[in-house]
Amino acid sequence: MDEISVLDNVFERFLKGSKLFCDREILRHDYIPDKLPHRQNQIRYLGEVVAPVLRSSRCSNIFIYGKTGTGKTAVIKHVLAKLSIKAEELGVPLKTCYINCRLAGTEYRVLSSLCSAISVRVPFTGLAVGEVFDRFRYGLNSAGILFLPVLDEIDALVKTRGDILLYELTRINEALHSSKASIIGISNDLRFKEFLDPRVLSSLSEEEIVFRPYDAAELRDILWERARSAFFDDMVLDGAVSLCAALAAAEHGDARRALDLLRVAGEIAEREGAGAVVENHVRRAEKRIEHDRVMEVVENLPAHSKLVLFSVFLLSRAKISLAITGDIYEIYCELCGESGFAPLTQRRVSSLVNELDVIGLLNARVASLGRYGRTKKIRLGVARSLLRDAFVADGRLRRLIRYAPKCLTEIARG
């Protein structure tokens with residue numbers, strides 16, 4: 001059977017099969033619903049902080065903390081959408097914009113996005129960052145507006161590029177005469193303050209909101225709120241929704257994960273022509289999502305972070321389930337030599353371990369050694385088989401899969 005015939009059969013089988021979804025987009029985490037269960041307090045507080053804008057006054061800078069999937073971005077977009085509507089009714093010249101700093105990646109691209117939001121054109125590349133900032137500042141002052149940008153995952157930018165841009169943005173009102181600006185920063189890392197200069201911290205964190213993780217009961221409410229609109233009646237069983245909520249609650253109360261589980265489970269059920277989404281579909285969705293997540297995260301890691309993770313992988317394969325930073329650093333240095341990289345300092349490698357811990361690829365915990373002080377015990381945060389698949393997909397690491405560092409034998413002997 002040729003390729004066209006195979007695809008024709010696939011498409012015909014799908015079109016003739018059972019239809020479970022009436023709108024699957026509702027289960028995507030970038031969809032902003034009209035109601036956000038269990039976030040009323042945060043919505044109210046954020047609304048109170050930004051309300052001065054409606055009287056043409058500058059509101060306080062706000063910093064928002066919370067793990068991934070705790071509703072930070074959804075709440076901010078919800079509040080700013082309502083604020084923009086009210087400002088337009090009152091004739092207040094408000095302009096908001098949203099920038100994901102992890103996706104932007106550099107100060108230049110963040111500034112370019114800020115310029116674009118106020119209709120200031122800058123080339124995609126080629127200018128000094130200082131020149132782009134000057135254009136942004138001049139354009140903002142000329143616009144005569146209240147500007148409220150949201151810098152999501154600002155921790156990713158500061159950790160790799162430093163906090164100079166953030167410092168300049170928090171001081172920008174000193175150079176403005178016709179416009180006013182306030183900043184909303186979002187961080188997934190609760191330890192982000194440690195990376196900031198005290199002057200930046202005092203300016204940025206005028207107001208702070210912490211989003212705690214959802215528990216299983218709250219996630220269940222969120223899922224049912226979405227499922228009623230996403231699926232046709234009686235197409236998803238209560239047990240499937242409860243299992244999605246329980247699995248996500250066990251992993252830091254991540255609503256994004258819960259929504260992804262339910263959506264992928266629905267797609268598996270629909271593909272098979274099932275009459276409804278049941279718990280077995282959720283279990284299979286969990287395996288598929290975990291595999292895809294690890295592959296995506298590892299693929300996008302910087303080279304040195306990959307080598308650090310690969311070092312822990314090799315230790316785990318040698319039956320060393322809990323490693324210390326010194327052991328990891330020995331193997332990492334040897335891998336750098338094999339790969340043609342100049343090794344980073346042990347202190348920098350330790351901070352890379354912390355970053356890998358934050359995103360869930362490693363688990364690092366502090367252990368007491370009595371009178372010898374404390375040390376950090378590190379192990380893999382995901383299945384070794386999943387990491388192996390991700391490493392095999394990377395051409396540079398594929399050839400190192402069977403590599404046995406010389407220092408590994410000595411480490412294994414203790």
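The values are calculated or read from the model by the stated rules, or taken from the named source; none is laboratory data. Just so we're clear, the structure is a prediction, and the values are computed from it rather than from any experiment. FYI the Cβ positions are ideal-geometry reconstructions off the backbone, even for glycines, and counts take in every protein chain you see.
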query = Within the range 212-256, how many residues turn out to be among the hydrophobic types (A, V, I, L, M, F, W, C) and under 24 Å from I359 (Cα atoms)?
reply = 13
task = Among what's in the range 88-102 and is touching a residue at least 40 places away in the same chain (Cβ under 8 Å) and part of a helix (DSSP H, G or I), pick the residue that is surrounded by the most Cβ atoms within 10 Å (Cβ to Cβ).
result = C101
task = Please enumerate the residues belonging to the range 193-217 that are closer than 15 Å to D163 by Cα and crowded, with 20+ Cβ neighbours inside 10 Å.
result = L196, V200, L204
ask   = What are the residues in the range 277-301 that are out of contact with any helix residue (DSSP H, G or I) (no Cβ under 7 Å at 6 or more places or on another chain) and closer than 25 Å to R13 by Cα, if any?
value = N280, R283, K287
ask   = Scanning for something closer than 30 Å to G162 by Cβ and surrounded by fewer than 22 Cβ atoms within 10 Å (Cβ to Cβ), does the range 218-229 turn up at least one residue?
value = no
inquiry  = Against the condition farther than 25 Å from P213 by Cβ and not in a helix (DSSP H, G or I), how does S5 come out, does it pass?
reply    = no
query = Taking the range 132-161 as the search range and keeping residues that are more than 19 Å from the chain's Cα centre (by Cα) and small (G, A, S), which one is nearest to S112 (Cα to Cα)?
reply = G139
ask   = Of the residues L103, L94, L127, which is among the aliphatic types (A, V, I, L, M), modelled with pLDDT of 95 or more and either within 22 Å of N188 (Cα to Cα) or in the same structural domain as V50 (by TED's automatic domain parsing) (or both)?
value = L94
message = For N61, only one of the following conditions fails: (1) farther than 18 Å from I186 by Cα; (2) surrounded by 16 or more Cβ atoms within 10 Å (Cβ to Cβ); (3) among the polar types (S, T, N, Q). What is its number?
response = (1)
remark   = Residue hits (the range 158-192; under 19 Å from D357 (Cβ atoms) and buried (at least 18 other Cβ atoms within 10 Å of the Cβ)) are V158, S187, N188, D189, F192
